[in-house]
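**Q** What follows is a structure written as structure tokens; I'll ask about it next.
The values are calculated or read from the model by the stated rules, or taken from the named source; none is laboratory data. All values reported here derive from a predicted model rather than from experimental measurement. Quick reminder, even Gly has a Cβ in these numbers, built from the backbone with ideal geometry, and neighbours come from all protein chains shown.
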Amino acid sequence: MAKTRVSLSAQNIVKWYGGVQALADGTLEVQSGEVVALLGANGSGKSTLSKVITGVVAPNEGELLLDDQPVEFSSPQAAQNLGITAVYQELSLIPDMSVAENIWLGHQPMKWGITVDKKAMLAQTQKLLDLFAGTVQDSLQPEEPVSALPPDERQIVEILKALSLDPRLIILDEATASLDSRQVGRLFELVADWKEQGKAIVFVSHRMDEIFRVADRAVVLRNGRSVGSAVISETDEHALVNMMVGDETAVPRQLTLDSVSEEAAVRLKLENIRSDVLQDVSLTVRDGELLGIGGLQGQGQSDLLRVIFGDISFTGEMTLSGEAVHFSHPRQAMQHDVALVPGDRGSEGLLLIRSILENFQLASWQRYGFPLKMEAAQADAKRVADDLSLVRSSLEAPVSSLSGGNAQKVVIGKWLLRQPKLLLLNDPTKGVDVHTKREFYNLLAELRQEGTAILFYSSDDEELLGLCDRVLVMLDGRISAELSGDNLTHTQLISASMSTKRSEALETS
């Protein structure tokens, strides 16, 4: 195949989402025949910069240069037309369609320019599948529905979908997360071929060993800014982690309560929990404890909370206040005083077209009898709304009329009405303002004082460091490290999240 040439430069990219600045000064350059690793902690701006380059989002400021010419992408299709595409960990496949239909969707081989050439499409799909021959099951065929595939094969189909566009520049954003070692090895062989062909590759991964195995250079983002770069052959893990962290300073404590005594009752104990994502997860959380769950996004944190809440099937042992339980439905967890504040309030936490009152009472209507004791329901909702300082015109107003922070208060208040003994929090402050965060932190302090056990996942590393006495770091569905005391630092948190040699030493010490 003839070599292509490409150069891309993203210069001083700025991106705001409402009042949140995702990128303050994102800069990245990549050339033909080069693999650039894009590194950074949670919230550093990696995904946003990738999405700007591929036309998924438009920057507020800054400039993109393709082959030294300014370009603006109005859509992913516009970027694809110029040879730029990406493979994301969040798959874009349509489950009810076949492998071939997914790979060629939008650019199917045509016969006489008027109808899809199915024979050619199947043949070309098989040629692509052969690139991963020996690393997948024989059942992975062009006409197989995607819904029947395991996660690793779906990820391979996603990679082949991008490759079918014959891109000049490809972004691999956590594309190896679902692959086994053989599949990763084959992908890296393909990357070497792509380099030889003159393609440019941007590689995003949480696995340090992969970065040193495949990348030529690394560019590091921190707090939305490009803070440095390094030639991989001239650096090491320690230097890259330090670049991601910056000058290590103690994160101010957001809560000043005393640590939970080891004599406090164990509210939740998990032993060797397994699911499609989780691998031998064991932990304990005591009454009055705020136990943090950290790690880069998508490492099994949400699955862990959903397993405990009865929303995902699992194997292993779970005990609640000394009683063996195995919830197969959230209703069972609720009956045992367990509550889950979900990560996506719009799709999982609220009925946006209903009133604030109705949303507050979603999990509690049965408490008010039949016919409904409306005055009692309103009084309880008002009490919780006042406790949370909920800004509203009335309880009858639609919840969609609230700001993001106030809408999140309704999600939390809905569960506080049930007075849970175990509260599961899935990134609850994501996208809320500083004032609302401070109110939320005060609420956590009150709940701890009342003896509520809290399991708290946050994608904000500083939040974990400032709130928790103990943080469990997840990586690839496992707990990679437990941090507490002098080890509970930003450097150790990043090291454990990236599976560095430093984190391995911490785990075994």
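**Q** When you check Leu268 against the structure, is it at pLDDT below 90 and touching a strand residue (DSSP E or B) at 6+ places or on another chain (Cβ under 9 Å), yes or no?
**A** Against the criterion (at pLDDT below 90 and touching a strand residue (DSSP E or B) at 6+ places or on another chain (Cβ under 9 Å)), Leu268 does not qualify.
**Q** Moving to a separate point now. For the stretch 128-172, give me the residue count where each residue is of a type in the set (Phe, Trp, Tyr) and assigned by TED's automatic domain parsing to the domain that holds Ser7.
**A** Kept after step one, since they are of a type in the set (Phe, Trp, Tyr), are these residues of the stretch 128-172: 132.
Restricting the remaining residues to those that are assigned by TED's automatic domain parsing to the domain that holds Ser7 gives none.
Final tally of qualifying residues: 0.
**Q** Additional query: Quick one: which residue in Ala379, Ala363, Ala333 is over 23 Å from Arg267 (Cα atoms) and hydrophobic (A, V, I, L, M, F, W, C)?
**A** Just a single option satisfies the conditions, and that option is Ala379.
**Q** Look through the stretch 103-120, keep the residues that are part of a loop (DSSP other than H, G, I, E, B) and among the small types (Gly, Ala, Ser), and return whichever of them is nearest to Gly300 (Cα to Cα).
**A** Going through the qualifying residues, I end up with Gly106.
**Q** Sticking with this structure for a sec: When you scan the stretch 342-352, do you find a residue that is part of a helix (DSSP H, G or I), without any contact (Cβ under 8 Å) to a residue 24 or more places away in the chain and not small (Gly, Ala, Ser), even just one?
**A** Yes, some residue in the stretch 342-352 is part of a helix (DSSP H, G or I), without any contact (Cβ under 8 Å) to a residue 24 or more places away in the chain and not small (Gly, Ala, Ser).
**Q** Out of all the residues in the stretch 12-56, which are farther than 21 Å from His490 by Cβ and among the hydrophobic types (A, V, I, L, M, F, W, C)?
**A** The answer is Ile13, Val14, Trp16, Leu28, Val30, Val35, Val36, Leu49, Val52, Ile53, Val56.
**Q** Moving on to the next point. Tell me which residues, restricted to the stretch 219-239, are at pLDDT 90 or above and either of a type in the set (Ser, Thr, Tyr) or in contact with a Gly (Cβ under 9 Å, 6 or more places away or on another chain) (or both).
**A** Val219, Val220, Leu221, Arg222, Gly224, Arg225, Ser226, Val227, Ser229, Ser233, Thr235
**Q** I would also like to ask the following. Just need a number here: residues in the stretch 323-341 that are farther than 21 Å from Leu447 by Cα and not in a strand (DSSP E or B).
**A** 7
**Q** Just the residues that are surrounded by fewer than 21 Cβ atoms within 10 Å (Cβ to Cβ) and either more than 18 Å from Gln299 (Cα to Cα) or touching a Cys at 6+ places or on another chain (Cβ under 9 Å) (or both), please, taken from the stretch 197-214.
**A** Once the filter is applied, which keeps residues that are surrounded by fewer than 21 Cβ atoms within 10 Å (Cβ to Cβ) and either more than 18 Å from Gln299 (Cα to Cα) or touching a Cys at 6+ places or on another chain (Cβ under 9 Å) (or both), the stretch 197-214 yields Gln197, Gly198, Phe212, Arg213.
**Q** Restricted to the stretch 24-46, and to residues that are surrounded by fewer than 23 Cβ atoms within 10 Å (Cβ to Cβ) and of a type in the set (Ser, Thr, Tyr), which residue is farthest from Asp461 (Cα to Cα)?
**A** Ser32
**Q** Here is a list: Ala86, Ala100, Ala79. Which entry is of a type in the set (A, V, I, L, M, F, W, C), assigned to a helix (DSSP H, G or I) and touching a strand residue (DSSP E or B) at 6+ places or on another chain (Cβ under 8 Å)?
**A** From the options Ala86, Ala100, Ala79, the qualifying one is Ala79.
**Q** Given the conditions (1) farther than 23 Å from Ser302 by Cα; (2) at pLDDT 80 or above, report the number of the one that Tyr368 does not fulfil.
**A** (2)
**Q** Oh, and also: Could you tell me whether any residue of the stretch 272-284 is outside any strand (DSSP E or B) and either within 18 Å of Ser484 (Cα to Cα) or out of contact with any helix residue (DSSP H, G or I) (no Cβ under 9 Å at 6 or more places or on another chain) (or both)?
**A** Scanning the stretch 272-284 turns up at least one residue that is outside any strand (DSSP E or B) and either within 18 Å of Ser484 (Cα to Cα) or out of contact with any helix residue (DSSP H, G or I) (no Cβ under 9 Å at 6 or more places or on another chain) (or both).
**Q** Continuing with this model, one more query. Considering the stretch 417-453 alone, what residues qualify as being of a type in the set (Val, Ile, Thr) and either closer than 23 Å to Asp303 by Cβ or at pLDDT 90 or above (or both)?
**A** Thr429, Thr452
**Q** How about the stretch 346-378: which of its residues are surrounded by 19 or more Cβ atoms within 10 Å (Cβ to Cβ) and among the β-branched types (Val, Ile, Thr)?
**A** Passing the criteria: only Ile356.
**Q** If you don't mind, another one. Return a yes/no flag: does the stretch 379-399 have any residue that is under 26 Å from Gln21 (Cβ atoms) and surrounded by fewer than 16 Cβ atoms within 10 Å (Cβ to Cβ). Please lay out each step first, then the result.
**A** Within the stretch 379-399, the subset under 26 Å from Gln21 (Cβ atoms) is 389, 391.
If we keep only those that are surrounded by fewer than 16 Cβ atoms within 10 Å (Cβ to Cβ) as well, we get 389, 391.
Yes, there is a match, as at least one residue in the stretch 379-399 is under 26 Å from Gln21 (Cβ atoms) and surrounded by fewer than 16 Cβ atoms within 10 Å (Cβ to Cβ).
**Q** In addition: Being on the phi < 0 side of the Ramachandran plot, hydroxyl-bearing (Ser, Thr, Tyr) and assigned by TED's automatic domain parsing to the domain that holds Ile273 narrows it down to one of Ser393, Ser355, Ser401, Ser328, so name that one.
**A** On the way: Ser393 fails: assigned by TED's automatic domain parsing to the domain that holds Ile273; Ser355 fails: assigned by TED's automatic domain parsing to the domain that holds Ile273; Ser401 fails: assigned by TED's automatic domain parsing to the domain that holds Ile273.
Just one listed residue meets the conditions, Ser328.
**Q** Mind listing just one residue for me: the one in the stretch 56-81 that is in contact (Cβ under 8 Å) with a residue 60 or more places away in the chain and surrounded by 12 or more Cβ atoms within 10 Å (Cβ to Cβ) and, of those, nearest to Leu105 (Cα to Cα)?
**A** If we filter the stretch 56-81 for residues that are in contact (Cβ under 8 Å) with a residue 60 or more places away in the chain, which is where we start, we get 66-68, 80.
From what is left, the residues that are surrounded by 12 or more Cβ atoms within 10 Å (Cβ to Cβ) are 66-67, 80.
Working: Leu66: 26, Asp67: 28, Gln80: 13 Å.
That would be Gln80.
**Q** Please tell me if Pro420 is under 25 Å from Asp461 (Cα atoms), out of contact with any helix residue (DSSP H, G or I) (no Cβ under 6 Å at 6 or more places or on another chain) and in a loop (DSSP other than H, G, I, E, B).
**A** Taking the combined requirement at face value, the residue does not satisfy it.
**Q** Among the residues of the stretch 91-129 satisfying the criterion of being among the acidic types (Asp, Glu) and either crowded, with 17+ Cβ neighbours inside 10 Å or free of Cβ contacts under 8 Å to residues at least 40 places away in the same chain (or both), which is nearest to Glu143 (Cα to Cα)?
**A** Once the filter is applied, the top-ranked residue is Glu101.
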